[in-house]
1. On the basis of being modelled with pLDDT of 95 or more, outside any strand (DSSP E or B) and open to solvent by less than 40 Å² (accessible area, probe 1.4 Å), does Leu80 make the cut?
2. With the requirement that a residue be in contact with a helix residue (DSSP H, G or I) (Cβ under 8 Å, 6 or more places away or on another chain) and surrounded by fewer than 22 Cβ atoms within 10 Å (Cβ to Cβ), what does the stretch 83-98 give you?
3. Restricting to the stretch 44-70, count the residues that are in a loop (DSSP other than H, G, I, E, B) and free of Cβ contacts under 8 Å to residues at least 60 places away in the same chain.
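The values are calculated or read from the model by the stated rules, or taken from the named source; none is laboratory data. This structure is a prediction, so every number in the text was calculated from the model and none was measured. Every residue, glycine as well, gets a Cβ built from its backbone with ideal geometry; the counts of neighbours run over all protein chains shown. Note: areas computed on protein heavy atoms with side chains; ligands, DNA, RNA excluded. Shrake-Rupley method; radii C 1.70, N 1.55, O 1.52, S 1.80 Å.
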Amino acid sequence: VQLQASGGGLVQAGDSLRLSCAASGRTFFQYTAGWFRQAPGKEREFVASIADSGDTTYYTDSVKGRFFISRDNDKNTMLLQMNLLKPEDTAVYYCAIRPSAFGMRMTVKGVFYWGQGTQVTVSS
């Protein structure tokens, strides 16, 4: 499976961005999918995940109520709608998947496939 992330950019604090992740192959629906981010000088961290069916989502506390993850298994795509962006959201954002049998709580070490990353920069 290959993942292609897109949608990053330079925005001001309070603005919105929508990231997209396109997956190749026919098995995307069998994977838990999620987003991670890595800021300069920091470790990669979990942001959000969504169940294979799309009916359950999970967010890290710092983005709850501002970021919303969704997926369309018919189109093999996943989205991350980011609202009320803050300078501390600045990072390279990566989409990731792992087989749904491993559960919703995604960790860096538990990811099976990574996208290439897309830069999000939020100016104050």
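1. Working: modelled with pLDDT of 95 or more: yes; outside any strand (DSSP E or B): no; open to solvent by less than 40 Å² (accessible area, probe 1.4 Å): yes.
So Leu80 does not fit the description; no.
2. Initially, the stretch 83-98 is screened for residues in contact with a helix residue (DSSP H, G or I) (Cβ under 8 Å, 6 or more places away or on another chain), giving 88-89, 97-98.
The answer is Glu88, Arg98.
3. As a first pass, look at the stretch 44-70 and keep what is in a loop (DSSP other than H, G, I, E, B): 44, 51-56, 60, 64-66.
Of the ones still in play, those that are also free of Cβ contacts under 8 Å to residues at least 60 places away in the same chain are 51-56, 60, 64-66.
Matching residues across the stretch 44-70 total 10.
Matching residues to (1) open to solvent by 30 Å² or more (accessible area, probe 1.4 Å); (2) among the charged types (D, E, K, R); (3) closer than 30 Å to Ser123 by Cα; (4) touching a residue at least 60 places away in the same chain (Cβ under 8 Å):
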| site | (1), (2), (3), (4) |
| --- | --- |
| Asp15 | yes, yes, yes, yes |
| Ala22 | yes, no, yes, no |
| Phe28 | no, no, no, yes |
| Gly34 | no, no, yes, yes |
| Asp72 | yes, yes, no, no |
| Met106 | no, no, yes, yes |
| Phe112 | yes, no, no, yes |
